[in-house]
Amino acid sequence: MKFSAQEEYGLRCLLQIARLTSEQSMTIPEISKLEGLTQPHVAKLMMILRKGGFIKSTRGQTGGYTLANPADKIILGDVLNALGGRLYDEAFCGKHSGHHTICTHAIDCSVRSVWQIVQTAVDDVVYKITLADLMKQATPTTNVQIFSEPRRLQTARS
């Protein structure tokens, strides 16, 4: 399983903005230089983050980007969803039906249940982490309960 480059870079750009004081803002060229990304790529990411309501922009000579809300109110899961969508959603099966209009396994699909379980597990983590948590330390586990041992799936026989 992979997260997209857009999710990675968008989150990194958002973290750059989050590190600023409330009186500061950051421009696309500044973010581009700090993250080693092209300015058009950063501009695209800023547009997505602005439309998602995570940042706001101010025009002019002293303009730039700032957080739209405090970092402790910005949820990682919401940011990842805006940048790339969920790993699995209800439209997933329609996008992977092969040459058919409807997936041949639409009624009894064991793969779909696996993706639903994976999505639930990911949501259990990313919707408990805020942007402020990410800024506190490199491993954002301070307020998140991570499973100490793998959870086992229950089957019909269990």
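Read-outs: derived from the displayed coordinates by stated rules, not from any lab. Just so it is clear, the model here is predicted, and its values are computed rather than measured. Positions of Cβ are generated from backbone atoms using ideal geometry, with glycine treated the same way; all protein chains shown enter the neighbour counts.
Worth a mention:
- Interchain or long-range residues, amide H under 5 Å from Ile74's placed H: Leu131, Ala132
- Cut-off 20 Å, label 7 Å out along Cα→Cβ of Phe3, residues of the stretch 21-54 by amide N: 31-32, 34-38, 41-54
- For the pair Ser22 and Val114 in one chain, pulling the backbone fully straight at 0.36 nm per residue adds 28.8 nm over the alpha carbon distance.
- By the count of other C-beta atoms within 10 Å, a proxy for reagent exposure, Tyr9, Tyr127, Tyr65 are ordered fewest to most as Tyr127, Tyr9, Tyr65.
- What the Cα convex hull of the stretch 1-94 gives, in volume per residue, is 110 Å³.
- Across Lys44/Lys136; Lys73/Lys136; Lys56/Lys128, pairs whose alpha-carbon gap is larger than 22 Å: Lys44/Lys136; Lys56/Lys128
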